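Notes to accompany the following structure.
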Amino acid sequence: MSDTALRGNLSVRTVAAGREVLAGRRRGVMAFLPFAGPAVIASIAYMDPGNFATNIQAGARYGYALLWVVLAANLVAMLFQSLSAKLGIVTAMSLAAHCRARYSAPVRIAMWVASEIAAMATDLAEFLGGAIGLSLLFGMDLMTGLAVTGVATYLILLLGNRGFRPLEIVIAVFVLVIGACYAVELLIAPPNWGGVLRGLAVPSLPDSGAVSLAVGIIGATVMPHAIYLHSSLTQGRMPARDDGERRRILRFSNREVLVALGLAGLVNMAMVAMAATTFHPGHTEVAEIETAYRTLAPLLGAASAAVFMASLLASGMSSSVVGTMAGQTIMQDFLHIRTPLWLRRTLTMVPAFVVVGLGANATDSLVMSQVVLSLALPVPMITLLLITSDRKVMGDFVNSGLVRILATTATAAVLALNAILLLTSTGVPIPFLD
């Protein structure tokens, strides 16, 4: 690459700026920017159309009661995304690559299958979200919307040929659009802040339907593919020459996780609050994105409905990009197989076309995809916890005792909720549920 091309390459310039920070020649707020990007990309997974579906249903049916689930899931997400980022920074290997090196072929293949199922469920939610947004905004049928979403996300993915930075910037713009849309929604329909605080502070699961939604919220918030992807995004992104530099990069990474996932958490809480404020008082039957859109217009005006759809469209497009990146990483690093981007994009579109072709309810499909994600979630959570707690792998960066306790508790809670969901779905009564 010529000197002129190097100077014009955003990714190369970002790494050079990061080197200046690590050498102590650049300080202040701007020193954070060269290290920002991986968590921003991962955060899109926490604002995807699956979140819209589960959060609308949670707010409409149960008001503010399930906000504590959103908060807890976001805190768990912060912990595991920071561990994933640490794994990539310290070892320069992704979580999937560690699984390939660590486990026998049968175990590795079983983990890959579970991860691919999660990736397919993720892509289903993201494609359907983009298609629903296009359908409601521009009158397209869902099949056409799926095709347009697929082409648009493929074109965005081609930015990856120019290095990591252009794609990070595009995803950051989508994040800002989604955040701005929900800030506007809260201004149009201010929530009952007392109810919000109670919902955040007082855990409750009113009935078995709330359990299913809680599991769906967790599946929509703590995303298996995002856990795999984050370690891939940080491996070698900002090369470290020694442990001192790795510690500095880790500090910047942890700050980015707090900011990016903190924003994602606020957006999710705003989704539930908006649905609780607007639909719960007299429209608890609102359970579909399309119904929410059509109900918003007479209740709050056309502007509110348009803002809602704009945020869904931005979410569907951007999360579809991130889902494809994650799927590519999972297949490549688990199996050492690299598929062409167009082929991966085509394959991940198939489940969405099948669902629409069969005439299945789009929003119900979104919610069920999030439940599938929650059921698949323990695999990367347990694996990441084990690997980052192994001193042979992590050296001085091994998890502290407190981190191990917190991560183990979070994983056990996810497993417990999954068990409750399976019991209730098979008709087994749970004493503390109606």
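If you go through the stretch 141-168, how many residues are at pLDDT 90 or above and either over 22 Å from the mean Cα position of the chain (by Cα) or exposed (fewer than 14 other Cβ atoms within 10 Å of the Cβ) (or both)?
Within the stretch 141-168, residues that are at pLDDT 90 or above and either over 22 Å from the mean Cα position of the chain (by Cα) or exposed (fewer than 14 other Cβ atoms within 10 Å of the Cβ) (or both) number 0.
Just checking, which of Phe52, Phe32 is in contact (Cβ under 8 Å) with a residue 40 or more places away in the chain and buried (at least 16 other Cβ atoms within 10 Å of the Cβ)?
Just one listed residue meets the conditions, Phe52.
Considering every residue within the stretch 69-86, establish whether at least one is in a helix (DSSP H, G or I), of a type in the set (A, V, I, L, M, F, W, C) and more than 25 Å from Thr388 (Cβ to Cβ).
yes
When you go through Ala314, Ala310, Ala303, Ala273 one by one, which is the residue that is at pLDDT below 80, more than 24 Å from Ala376 (Cα to Cα) and not β-branched (Val, Ile, Thr)?
Exactly one residue qualifies, and that residue is Ala303.
Could you check the stretch 64-102 and list, in sequence order, the residues that are surrounded by fewer than 24 Cβ atoms within 10 Å (Cβ to Cβ), more than 21 Å from Ser43 (Cα to Cα) and not hydrophobic (A, V, I, L, M, F, W, C)?
Across the stretch 64-102, the qualifying residues are Thr91, His98, Arg100, Arg102.
Which pairs do you get when a residue that is more than 30 Å from Val177 (Cβ to Cβ) and assigned by TED's automatic domain parsing to the domain that holds Asn55, found in the stretch 240-267, comes within reach of a residue that is surrounded by fewer than 15 Cβ atoms within 10 Å (Cβ to Cβ) and charged (D, E, K, R), reach meaning Cβ atoms under 7 angstrom, with the pair 6+ apart or on two chains?
Listed by first residue and then by second, the contacts come to Asp243/Asp396.
Can you pull out the residues in the stretch 90-115 that are within 21 Å of Gln235 (Cβ to Cβ) and within 20 Å of the chain's Cα centre (by Cα)?
Listed by number, the residues that qualify are Ser94, Leu95, Ala96, Met111, Trp112, Ser115.
The values are calculated or read from the model by the stated rules, or taken from the named source; none is laboratory data. Remember, it's a predicted structure, so these values are computed and weren't measured experimentally. So basically every Cβ, Gly included, is an ideal-geometry build from the backbone, and we count neighbours across all protein chains shown.
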